[in-house]
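Heads up: the structure comes next, in structure tokens.
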Amino acid sequence: MSMYQVILRLARNPGFPDGDEGQGYVLVAPLDATDRLDPSEWRHSRAACTVVRFKPGTERDADGLLTHNGANWFFHYDEVREGEDEPVFRLGEHKLAIGDYVTIHESNGQSLTYRVTHRTPYRAAAVKTETREGAR
């Protein structure tokens, strides 16, 4: 199985002409040979497939699980204060290679584009999920 830690940072969006390196997501997920999410590997390792949302002023704004239902992928948060689940537009079709873009429909109703800035092999025993400070 090929598990990776993928860091997405806010790309250029309305209101963010230069993007924002201080906000984004850290995913741990299985990727296939084409750099896409691997649903069959996800089924075998879903508990290890995590997401951490980070924003300025907080180390971790929210944390949860990467979930899959049919062709759709979601960021699932288990605490009310963290907000509703966030669907990720066609995440299963997107490559998650450095420089690629992903649109996330955030819990506040806003759709924002993020860019993959880091991607490294993930070994649960050896690597901790990075926070905003550690992801730079």
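Below, the figures for the structure above:
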quantity	calculated
Full-stretch length increase - THR120, GLU21 - with 0.36 nm per residue and alpha-carbon distance subtracted	33.8 nm
Assigned charges on the beta-carbon of Lys, Arg, Asp, Glu; the stretch 9-71 dipole about Cα centre (debye)	180
In nm, spacing of pseudo-spin labels at THR67 and SER40 (7 Å Cα→C-beta vector)	2.5
FRET efficiency estimate (nearest 0.05) - Cβ-Cβ, ASP78 to SER111, R0 22 angstrom	0.45
Cα centre as origin, Lys/Arg/Asp/Glu Cβ charges: the stretch 1-43 dipole, Debye	80
Built amide H within the under 5 Å cut-off of PHE54, gap 5+	GLY24, TYR25, VAL26, ASP61
Cut-off under 5 Å, modelled amide H: who pairs with GLU21 long-range	none
Rounded if a/c under 1.5, otherwise prolate or oblate - the chain, Cα gyration tensor axes	rounded
In nm, spacing of pseudo-spin labels at ASP32 and PHE89 (7 Å Cα→C-beta vector)	2.3
Of the GluC sites (Glu not before Pro) in the stretch 1-81, those whose Cβ has at most 10 other Cβ within 10 Å and which sit in DSSP loop	GLU79
Net charge dipole size for the chain [Lys, Arg +1 and Asp, Glu -1 on Cβ; Debye, nearest 20]	340
Ranked ARG119, ARG12, ARG53, criterion: other C-beta atoms within 10 Å, fewest first	ARG12, ARG119, ARG53
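Laboratory data are not the source of any read-out in this text; all were calculated from the coordinates shown. Small disclaimer: the values here were computed from a predicted structure and weren't measured. Using ideal geometry, Cβ is built from the backbone for each residue, glycine included, and neighbour counts are taken over all protein chains shown.
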